[in-house]
Every structure is written in structure tokens, then in C-alpha cells.
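Novice: What follows is a structure written as C-alpha cells; I'll ask about it next.
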Amino acid sequence: MGTTFDIALILPPLTQLNTPYPSTAYLAQFLGTQGITSTQRDLGIELTLRLFSRPGLTRVFDLLDDRDELPEPAWRALALRDAHLRAVEPVMTFLQGKDSGLAPRILETPFLPRGPALDRAQLDAFGPMGTQDAARHLATLYLQDLVNLVTATIDSGFGMAQYQHHLALGAVDFGPLHERLQQTTLVDEMLDDLADSIIAPVVALSVPFPGNLYAALRIGARLKARSALVIMGGGYVHTELRGVEEPRLWQYIAALTYDDGEGPLLAILDHHNGGPDHRHRTRTSVGTHDARVDKVPFTPAGDYGDLDLSLYLQLIDTLNPAHRLWADGRWNKITLAHGCYWRKCSFCDVNLDYIQRYENTSVVELVDHMERLIQQTGHRGFHFVDEAAPPKVLKALALELLKRNLGVTLWGNIRFEKSFTPELARLLAAAGLVAVTGGLEVANTRLLKAIRKGVTVEQVARCAHAFREAGVMVHAYLMYGFPTQTEQETVDAMEVVRQLFKADLINSGFWHRFVLTRHAPIYREAKAFGVVIPAAAAAPFAANDVQHEDPTGGDHDRFDDVLPVALAAWLQGHDLDRPVHSWFDDMPFSTEAPDRVERAIQAAQKTGNRLVWLGGGVYPDEHGVQIHHVDGELELPCDEDQAAWVAGILGAATPDQEPLDIRDAIDAFPGDWAAFTHQWRAIRAMGAVLI
């Protein structure tokens with residue numbers, strides 16, 4: 001770059017309210033290495049706090065006062081106007097974690113004005129000691145009632161984690177979106193005010209999801225009218241808008257960037273600043289720019305810089321333990337590796353760069369970034385945003401974290417690999433792992449092969465068992481409606497999931513209905529997968545999702561309502577012995593063996609050769625050796641030589657030492673090893689793992 005200049009990195013409303021979506025932070029980190037100054041704004045949290053404040057609600061109620069017709073909940077809210085204006089700001093402050101003393105007032109006194117969501121509240125799950133969580137749950141439901149009030153009376157496209165989502169979901173014609181952008185609601189007025197406060201010659205808008213697109217275009221139009229260079233990128237752009245041919249789009253923005261934003265954005269800035277034109281993976285009103293350039297290494301972690309993390313809300317909007325991770329807590333986002341190391345699944349966008357290009361970084365560098373983020377944000381929680389965290393990298397990361405004695409909390413997405421043995425799961429848990437999410441998808445042998453998932457039901461069960469035994473929560477992504485999937489196979493998949501819940505191998509799950517996309521192998525190989533794609537007019541705007549027919553599959557619509565109901569019951573420990581076919585009026589019995597999952601987890605699991613000691617101090621004494629661990633202590637009777645061996649071996653096996661092979665350790669044992677195996681099993685239980 002010849003001359004540095006300011007660029008504003010903007011996350012339009014709305015994504016998450018509990019923690020910043022990491023895209024702008026990743027860009028800020030990269031641009032900083034290039035000497036480019038940037039500022040970040042999350043207009044989602046800013047808009048939410050502006051709307052749900054005393055002045056914001058006053059404007060809402062003033063509009064409702066002038067209406068002759070309102071739905072019943074709105075009349076109720078209007079009648080309690082003063083109570084809402086009294087409660088809203090204390091509630092938002094409480095949800096920001098700044099006023100814990102409000103909890104007993106929320107729980108014990110008539111403080112929160114009731115609405116439909118609050119009326120349905122169930123607090124049984126929190127228990128007598130869960131005061132803060134119960135109060136946050138009620139406060140979240142109160143906020144949901146306010147959101148629903150705005151949706152029902154002011155702006156039908158507004159939501160707690162999205163804005164005008166319906167206008168950008170699926171195959172989209174630009175007409176309705178363009179028409180809506182010409183209108184202005186109270187929410188739009190507040191968004192316009194926020195857009196007008198952005199002062200920068202260059203503005204980059206990150207659009208990861210459909211629920212960000214409308215606001216991005218609205219912001220872009222206002223800034224473009226002030227002669228700002230407006231660039232738009234992100235997950236939605238590089239999946240949905242790769243072939244966009246809509247001329248009206250350029251009224252709102254100047255350029256689109258595809259795939260990782262760092263390289264394309266840097267090239268645009270260089271060109272804008274008078275440098276050579278090496279724009280690539282970029283589209284403007286004159287066409288696509290794709291110069292041949294060296295790839296920019298991926299950015300594994302962000303720089304949250306001037307984002308005020310104290311603004312974010314600690315919400316409890318669900319009792320699903322895995323979903324709660326998304327909405328509760330302030331997580332630093334980090335990427336262990338770019339892309340997917342498997343990249344074979346037939347339903348996935350494996351033809352796009354964000355999946356296809358696999359690239360990792362050194363574990364030492366990753367942990368350096370983690371220490372930097374802890375210092376910057378004050379938060380020790382990390383969410384791995386990988387497509388699937390590689391087992392080898394996770395193992396090395398855990399060892400490095402333990403070596404540095406860094407107390408962190410970790411969670412992220414994995415593949416249910418056989419590499420995740422009980423031993424590795426214990427190591428990861430000791431390093432801070434609390435939850436994993438992974439795809440079981442169709443939970444059927446034939447279909448897992450068709451999907452090219454590379455796992456079996458048995459493998460998933462054993463992997464989940466390993467994590468659960470280590471105390472790690474497991475969430476399963478589930479799929480139905482895959483081409484050629486019969487109703488019998490969906491019922492059998494339900495039976496597998498029921499068994500997993502009954503065996504306490506998964507804590508939660510979520511059923512997704514299959515969606516065909518243009519960047520998945522199944523689109524290119526439609527005939528081989530039994531898919532019929534009707535002829536359709538070319539979509540001039542978003543065109544990733546593809547309508548398709550499944551002539552040999554079952555009636556997938558029959559499962560839309562039942563699957564989430566059954567799943568919710570199993571999550572709460574209900575109906576675990578109920579036959580799965582009985583959830584329907586007329587459906588075949590499952591053909592799955594009723595003990596398939598139980599038999600799978602009885603299989604012997606392999607161990608590694610490296611011995612790692614996860615416990616504490618080891619002290620020989622007159623009785624043998626005393627071994628300490630965070631869960632307790634063990635007095636192990638043995639002779640003096642054996643006690644010295646135990647102390648020496650475990651001391652040499654700590655994560656900060658050179659790798660110790662268990663075979664070398666056994667060779668050095670003073671005595672009959674076979675006679676010592678009972679004591680060794682006790683030591684293993686205290687924290688000696690083989691990885």
C-alpha cells in the first residue's frame with residue numbers, strides 16, 4: 001500500500017447479540033498487519049440497544065397510540081406503557097451483566113410486564129440455586145415479547161437475530177428486496193441514523209447470513225450517496241451472489257468480494273489508493289475481476305479493537321444446552337484451520353474456497369493469538385469456528401495449552417472421527433473443552449455412504465461416548481429429506497437418535513431438512529443421486545438454493561412437525577422408551593436393532609503410545625505413593641522402588657516435557673509389570689492418558 005487510510009468495517013443488523021460475529025475482527029487483524037487503520041462497528045447490537053431503550057420504546061408506543069387496530073398483545077403492551085418504560089433499561093443493563101442485583105426483583109416481584117413469551121415461561125429446570133440464570137431467562141423472554149411487539153406492529157421483518165431475513169432466503173429475485181428498501185419504518189429510521197454516524201472514505205460491509213443483507217444494502221445506499229466506496233462481502237455473498245447479474249444492486253454498493261475477504265479487500269484498497277489494479281475474486285458493475293495473485297494466508301484470529309464488548313447481552317432463550325452456547329457467553333472466535341480436511345460430503349459446498357482450500361497454522365501461533373485475545377477482551381472462552389476442527393491440531397493445541405498452564409474454555413464443531421478416542425477426549429477436556437457439535441446427518445448406513453460422510457453410526461456412537469465419559473457435551477446435527485431417503489429410513493434414523501439420547505451419548509440435536517445448493521457435488525451429479533431439477537428461469541440475484549424433486553424418496557413433509565417435537569421430548573429425558581413409529585398416525589415400525597448403539601460402545605477402543613499425566617503432584621511416602629488430581633487423591637500402596645518409578649514416570653509425562661512412550665516407561669518398571677496392572681489402572685483413572 002502506498003498510503004494508509006481509514007476503513008470502516010461494519011457488521012449490519014442482525015447476527016448475534018451475545019458476542020461479536022468475528023468477520024470484521026478477522027479483517028481488522030489482517031489489515032493491521034498491512035499498516036491499514038480500521039474501525040469496527042456492530043450495528044446489530046447498537047440498533048437493538050437503541051430500539052429497546054426508554055427513548056426507543058417511547059417512539060414505538062407513540063406510533064401505537066395513533067393506531068385504531070392492534071393485535072391483542074399490542075393492546076396489552078400499550079396499556080402497560082409506563083411499566084415497560086420503567087423496566088426496559090434495567091432489563092437491558094441486567095442482560096449485559098452489569099446489575100446482578102436485579103435478579104430477585106425479576107423473580108419475586110411484579111416487575112416485568114407480562115407478554116405471551118413470559119406467560120409461557122417454565123423455570124423448573126433452573127432449581128433453587130439458579131437465581132441468576134432463571135432471571136436472565138425471564139429477562140430474555142421479556143425482550144422477546146418486545147421484539148414480537150415490534151414485529152407485529154412496526155416492522156414485520158424484524159427479529160432478535162435477523163432483519164428482513166425472508167427477503168434474502170433461498171432463490172431470491174431482487175424486486176421485493178428493492179421495493180422494501182424504498183420504504184422506511186421506525187426500525188429503518190434508527191438504522192439510517194446509525195449509518196449516518198459512519199464517517200470513513202471506505203466502508204466494508206460483512207454479510208454472513210441472509211438476515212444481514214437488507215440492512216447492508218440500506219446502509220450502503222446512504223454511504224454511497226456520500227461518495228464512500230462501499231464494498232460488501234461475507235458468507236452470504238460468496239455462496240449466494242457469485243453469479244449475480246442484477247444492475248440495481250450497484251445503486252447500493254460499489255463492489256462484491258468472494259471467498260476470504262482479506263486478499264480481495266486489500267487489492268481493492270490498493271487500486272482505490274492509486275496502486276496497480278490486481279483486483280481478484282471481486283465483482284463490480286463492469287463485471288468480474290480475477291487477476292492472478294498469490295493467496296493471502298488465512299487469518300486464524302481477530303482483533304476486536306474498538307468493539308465495546310460490554311454492550312453485548314447474556315441471553316438465555318432456550319433450555320437446549322448446545323443452542324445456549326450460541327446465545328449465552330462472550331466467545332472469542334478462533335480458527336484452527338482454513339477449510340475442511342475431509343471436504344467430500346455430497347451435500348456440502350465443497351466446490352467453494354471456504355471448504356475446498358485446507359490450510360492450517362502452527363499451534364504455537366494459535367495459542368499466542370489466544371493469549372493476545374485474553375488480554376484484549378478479558379474473556380477466556382473460545383469458540384472454534386472451523387468447518388470441522390482437525391483432531392491432530394486439537395491434540396497439539398491441548399498439549400500447548402496445558403504446557404502454558406492456560407485456563408480457557410473451548411467448544412467447536414468436529415467430525416465424529418475414530419481419532420477421538422476416550423484418551424484424547426480426556427486430554428481435550430483437561431485443556432478446557434466443554435462441548436462439541438458434529439454431523440450425524442441422516443443416521444442411516446446406506447445414506448451415510450451416499451452422503452460420503454465418512455462415518456458410521458457405530459463410529460459416531462463411540463466418539464460421542466468418549467466425549468461424554470470425559471464430561472464434554474455433545475450436540476448432533478441431523479438431516480432428513482435427502483434424495484432417495486425413504487420414510488422407513490427416516491423412522492430408522494429417529495430410532496438411532498432415540499438410542500443415542502437414552503444412552504446419554506448426545507445432549508442435544510437439531511433436525512435440518514435437506515437443501516440442494518449449486519456448489520455441492522450432488523448438484524453436478526444430480527442423476528446419480530436420483531434428483532430431478534426442474535427447468536427454471538435464471539435468477540438474476542441470489543441463486544444458490546435449487547428447487548428439486550425426489551421421485552423415489554418418501555413423503556418428507558410428514559416429518560416436518562414430528563421430528564422437532566420428538567427431539568424436544570428426548571432432550572428433556574421424556575419418552576425415551578416410546579417406539580418411534582408411535583409419534584405418527586401411520587408409519588412403519590423401525591427396523592433398527594434396539595441395542596445397536598449399546599453394542600457399538602462396547603467395542604474396544606485403541607489407545608496411543610504417548611503417556612501424558614493430567615494430574616497434580618506425586619509424592620512417595622512410607623506407605624507407597626500419594627497421587628493428587630483435581631477430583632481428589634489416591635494413596636497407592638507399593639514398594640519404595642515402585643513409588644520412585646511412579647513419581648518419576650508421571651513427572652516426566654507432564655505436557656511440558658518431551659514425549660514419553662508408554663513402552664519405554666513399562667520397560668523401566670522395577671518389578672513384575674503384570675502384578676502392577678491393578679495399581680496402574682487406578683493411576684490411569686486419576687489422569688494418566690495414552691494419546
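The values are calculated or read from the model by the stated rules, or taken from the named source; none is laboratory data. The model shown is predicted, which means the values in this text are computed figures rather than measured ones. When we count neighbours, we look across all protein chains shown, and the Cβ atoms used for this are built from the backbone with ideal geometry, even at glycine.
Novice: Considering only residues that are loosely packed, with under 13 Cβ neighbours inside 10 Å and of a type outside the set (G, A, S), which ones fall in the stretch 578-587? Give the steps one after another, and end with the answer.
Specialist: To start, the set of residues in the stretch 578-587 that are loosely packed, with under 13 Cβ neighbours inside 10 Å comprises 582, 585-586.
Correct list: D585, D586.
Novice: Hey, could you check the stretch 53-75 for residues that are hydrophobic (A, V, I, L, M, F, W, C) and more than 12 Å from A152 (Cα to Cα) and say which is surrounded by the fewest Cβ atoms within 10 Å (Cβ to Cβ)? Outline the logic, then answer.
Specialist: We begin by selecting, within the stretch 53-75, every residue hydrophobic (A, V, I, L, M, F, W, C); these are 57, 60-61, 63-64, 70, 74-75.
From the residues that got through so far, the ones that are more than 12 Å from A152 (Cα to Cα) too are 57, 61, 63.
On the way: L57: 21, F61: 18, L63: 13.
Checked the stretch 53-75; the qualifying residue surrounded by the fewest Cβ atoms within 10 Å (Cβ to Cβ) is L63.
Novice: Considering L167, L205, which residue is at pLDDT below 95 and buried (at least 20 other Cβ atoms within 10 Å of the Cβ)? It would help to see each step written out before you state the result.
Specialist: Numbers: L205 fails: at pLDDT below 95.
Result: L167 is the single residue among L167, L205 that is at pLDDT below 95 and buried (at least 20 other Cβ atoms within 10 Å of the Cβ).
Novice: Would you be able to tell me the number of residues in the stretch 351-365 that are under 19 Å from the mean Cα position of the chain (by Cα) and of a type in the set (A, V, I, L, M)? Spell out how you get there, then give the answer.
Specialist: Quick first cut of the stretch 351-365, residues under 19 Å from the mean Cα position of the chain (by Cα) only: 354-355.
Among the residues that remain, those that are also of a type in the set (A, V, I, L, M) are: 355.
Total meeting the criteria: 1.
Novice: What is the number of the single condition among (1) at pLDDT below 95; (2) part of a loop (DSSP other than H, G, I, E, B) that L576 does not meet?
Specialist: L576 satisfies every listed condition except (1).
Novice: Now a separate question. Mind checking which residues of the stretch 556-577 are in contact with a helix residue (DSSP H, G or I) (Cβ under 8 Å, 6 or more places away or on another chain) and surrounded by 12 or more Cβ atoms within 10 Å (Cβ to Cβ)?
Specialist: Those that are in contact with a helix residue (DSSP H, G or I) (Cβ under 8 Å, 6 or more places away or on another chain) and surrounded by 12 or more Cβ atoms within 10 Å (Cβ to Cβ): H556, R558, F559, V562, L563, A566, L567, W570, L571, D575, L576.
Novice: Same structure again: I need the full set of residues from the stretch 208-255 which are part of a loop (DSSP other than H, G, I, E, B), in contact (Cβ under 8 Å) with a residue 40 or more places away in the chain and either of a type in the set (V, I, T) or under 14 Å from I10 (Cβ atoms) (or both), in order please.
Specialist: P208, G234, V244, Y252, I253
Novice: Does L138 count as over 15 Å from G44 (Cα atoms), among the aliphatic types (A, V, I, L, M) and either free of Cβ contacts under 8 Å to residues at least 40 places away in the same chain or touching a His at 6+ places or on another chain (Cβ under 8 Å) (or both)? Break it down into steps so the answer makes sense when it comes.
Specialist: On the way: over 15 Å from G44 (Cα atoms): yes; among the aliphatic types (A, V, I, L, M): yes; either free of Cβ contacts under 8 Å to residues at least 40 places away in the same chain or touching a His at 6+ places or on another chain (Cβ under 8 Å) (or both): yes.
Yes.
Okay, residues lined up against (1) hydrophobic (A, V, I, L, M, F, W, C); (2) in a loop (DSSP other than H, G, I, E, B); (3) on the phi > 0 side of the Ramachandran plot:
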| residue | (1), (2), (3) |
| --- | --- |
| H519 | no, yes, no |
| Y523 | no, no, no |
| A528 | yes, no, no |
| P540 | no, yes, no |
| G553 | no, yes, no |
| A566 | yes, no, no |
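Novice: Pick from the stretch 99-114 the residues that are farther than 22 Å from R76 by Cβ and surrounded by 18 or more Cβ atoms within 10 Å (Cβ to Cβ): which of them is farthest from the chain's Cα centre (by Cα)? I'd like the intermediate steps shown before the answer.
Specialist: The initial filter retains those residues of the stretch 99-114 that are farther than 22 Å from R76 by Cβ, namely 99-104, 108.
After this cut, where a residue has to be surrounded by 18 or more Cβ atoms within 10 Å (Cβ to Cβ) as well, the list is 102-103.
On the way: L102: 30, A103: 28 Å.
Only one residue fits best here, namely L102.
Novice: Residue by residue through the stretch 392-405, note down the ones that are surrounded by fewer than 20 Cβ atoms within 10 Å (Cβ to Cβ) and touching a helix residue (DSSP H, G or I) at 6+ places or on another chain (Cβ under 7 Å).
Specialist: V393, A396, L402, R404
Novice: What is the residue count in the stretch 648-668 for residues that are closer than 16 Å to I627 by Cβ and either of a type outside the set (S, T, N, Q) or out of contact with any Lys or Arg (no Cβ under 9 Å at 6 or more places or on another chain) (or both)? Write out each step before concluding.
Specialist: Filtering the stretch 648-668 for residues closer than 16 Å to I627 by Cβ gives 648-654, 665.
Still in the running and either of a type outside the set (S, T, N, Q) or out of contact with any Lys or Arg (no Cβ under 9 Å at 6 or more places or on another chain) (or both): 648-653, 665.
Here the count works out to 7.
Novice: Got at least one residue in the stretch 309-321 being small (G, A, S) and within 24 Å of E359 (Cα to Cα)?
Specialist: In the first step, residues of the stretch 309-321 are kept if they are small (G, A, S); the result is 310.
Retained after the next criterion (residues that are within 24 Å of E359 (Cα to Cα)): none.
No, because not a single residue in the stretch 309-321 is small (G, A, S) and within 24 Å of E359 (Cα to Cα).
Novice: Given the residues V618, V689, which is the only one that is under 26 Å from E417 (Cβ atoms) and among the hydrophobic types (A, V, I, L, M, F, W, C)?
Specialist: Details: V618 fails: under 26 Å from E417 (Cβ atoms).
Exactly one residue qualifies, and that residue is V689.
Novice: Quick check, is L17 under 34 Å from the mean Cα position of the chain (by Cα), under 28 Å from I198 (Cα atoms) and not in a helix (DSSP H, G or I)?
Specialist: On the way: under 34 Å from the mean Cα position of the chain (by Cα): yes; under 28 Å from I198 (Cα atoms): yes; not in a helix (DSSP H, G or I): yes.
Taking the combined requirement at face value, the residue satisfies it.
Novice: Could I ask something else about it? For a quick check of your reading of the model, give me the residue pairs whose first member lies in the stretch 325-344 and is within 19 Å of T24 (Cβ to Cβ), whose second is among the β-branched types (V, I, T), with beta-carbon atoms closer than 6 Å and at least 6 apart or on different chains.
Specialist: R330/T19; W331/T19; N332/T377; K333/V385; T335/V385
Novice: Can you find a residue that is of a type outside the set (A, V, I, L, M), without any contact (Cβ under 8 Å) to a residue 24 or more places away in the chain and outside the structural domain of L448 (by TED's automatic domain parsing) anywhere in the stretch 365-378?
Specialist: Going through the stretch 365-378, the residues of a type outside the set (A, V, I, L, M) turn out to be 365, 368-369, 371-372, 375-378.
Those still in the list that are without any contact (Cβ under 8 Å) to a residue 24 or more places away in the chain too: 368, 375.
Among the residues that remain, those that are also outside the structural domain of L448 (by TED's automatic domain parsing) are: none.
No: zero hits.
Novice: Residue by residue through the stretch 595-608, note down the ones that are assigned to a loop (DSSP other than H, G, I, E, B) and at pLDDT 95 or above. Even if it seems obvious, please write down each step before you answer.
Specialist: We begin by selecting, within the stretch 595-608, every residue assigned to a loop (DSSP other than H, G, I, E, B); these are 595, 602-608.
Within the stretch 595-608, just D595 meets the criteria.
Novice: Is it the case, given these coordinates, that A593 is out of contact with any Asp or Glu (no Cβ under 7 Å at 6 or more places or on another chain) and either over 28 Å from V244 (Cα atoms) or among the basic types (K, R) (or both)? Give the derivation first.
Specialist: Numbers: out of contact with any Asp or Glu (no Cβ under 7 Å at 6 or more places or on another chain): yes; either over 28 Å from V244 (Cα atoms) or among the basic types (K, R) (or both): yes.
So A593 fits the description; yes.
Novice: Just give me the residues in the stretch 651-661 being of a type in the set (A, V, I, L, M) and either within 37 Å of the chain's Cα centre (by Cα) or modelled with pLDDT under 95 (or both), in sequence order. Break it down stepwise before answering.
Specialist: Residues of the stretch 651-661 that are of a type in the set (A, V, I, L, M), as a first pass: 652-653, 660.
Answer for the stretch 651-661, where residues must be of a type in the set (A, V, I, L, M) and either within 37 Å of the chain's Cα centre (by Cα) or modelled with pLDDT under 95 (or both): A653, L660.
Novice: How many residues are out of contact with any Phe, Trp or Tyr (no Cβ under 8 Å at 6 or more places or on another chain), farther than 15 Å from F676 by Cα and assigned to a helix (DSSP H, G or I) if we restrict to the stretch 618-651?
Specialist: 1
Novice: Condition first: at positive phi and surrounded by fewer than 22 Cβ atoms within 10 Å (Cβ to Cβ). Now tell me which residues in the stretch 436-492 satisfy that.
Specialist: Initial filter on the stretch 436-492 (at positive phi): 441, 443, 452, 454, 471, 481, 484.
Across the stretch 436-492, the qualifying residues are R452, G454, G471, G481, T484.
Novice: Looking at the structure I just gave you, is V286 of a type outside the set (G, A, S), surrounded by fewer than 18 Cβ atoms within 10 Å (Cβ to Cβ) and within 13 Å of L27 (Cα to Cα)?
Specialist: On the way: of a type outside the set (G, A, S): yes; surrounded by fewer than 18 Cβ atoms within 10 Å (Cβ to Cβ): yes; within 13 Å of L27 (Cα to Cα): no.
So V286 fails the test.
Novice: Output yes when any residue across the stretch 104-115 is of a type in the set (V, I, T), in contact (Cβ under 8 Å) with a residue 12 or more places away in the chain and either closer than 19 Å to E46 by Cβ or not assigned by TED's automatic domain parsing to the domain that holds P534 (or both), and no when none is.
Specialist: We begin by selecting, within the stretch 104-115, every residue of a type in the set (V, I, T); these are 106, 109.
Of the ones still in play, those that are also in contact (Cβ under 8 Å) with a residue 12 or more places away in the chain are 106.
Imposing the further condition that a residue be either closer than 19 Å to E46 by Cβ or not assigned by TED's automatic domain parsing to the domain that holds P534 (or both) reduces the set to 106.
Yes.
Novice: Among the residues of the stretch 467-492, which ones are assigned to a helix (DSSP H, G or I) and either touching a residue at least 60 places away in the same chain (Cβ under 8 Å) or not assigned by TED's automatic domain parsing to the domain that holds P588 (or both)?
Specialist: E487, Q488, E489, T490, V491, D492
Novice: Can you pull out the residues in the stretch 304-332 that are surrounded by fewer than 20 Cβ atoms within 10 Å (Cβ to Cβ) and either more than 17 Å from the chain's Cα centre (by Cα) or hydroxyl-bearing (S, T, Y) (or both)?
Specialist: Hits for the stretch 304-332 are G305, D306, D308, L309, S310, L311, T318.
Novice: For the stretch 534-581, enumerate the residues that are among the small types (G, A, S), under 29 Å from the mean Cα position of the chain (by Cα) and under 23 Å from Q488 (Cα atoms).
Specialist: Of the residues in the stretch 534-581, the ones among the small types (G, A, S) are 535-539, 542-543, 553-554, 566, 568-569, 573.
So of that shortlist, the ones also under 29 Å from the mean Cα position of the chain (by Cα) come out as 542-543, 566, 568-569, 573.
Of everything in the stretch 534-581, those that are among the small types (G, A, S), under 29 Å from the mean Cα position of the chain (by Cα) and under 23 Å from Q488 (Cα atoms) turn out to be A566, A568, A569.
Novice: Right, another one. Can you find a residue in the stretch 41-63 that is under 20 Å from N332 (Cβ atoms), at pLDDT 95 or above and in a helix (DSSP H, G or I)? Steps first, please.
Specialist: Step one: of the stretch 41-63, the residues under 20 Å from N332 (Cβ atoms) are 41-42, 44-45.
The next check asks that each one be at pLDDT 95 or above; those that pass are 41-42, 44-45.
Subset that is in a helix (DSSP H, G or I): 44-45.
Looking through the stretch 41-63, at least one residue is under 20 Å from N332 (Cβ atoms), at pLDDT 95 or above and in a helix (DSSP H, G or I).
Novice: Could you please give the count of residues in the stretch 353-406 that are of a type in the set (G, A, S) and assigned to a helix (DSSP H, G or I)?
Specialist: Within the stretch 353-406, residues that are of a type in the set (G, A, S) and assigned to a helix (DSSP H, G or I) number 2.
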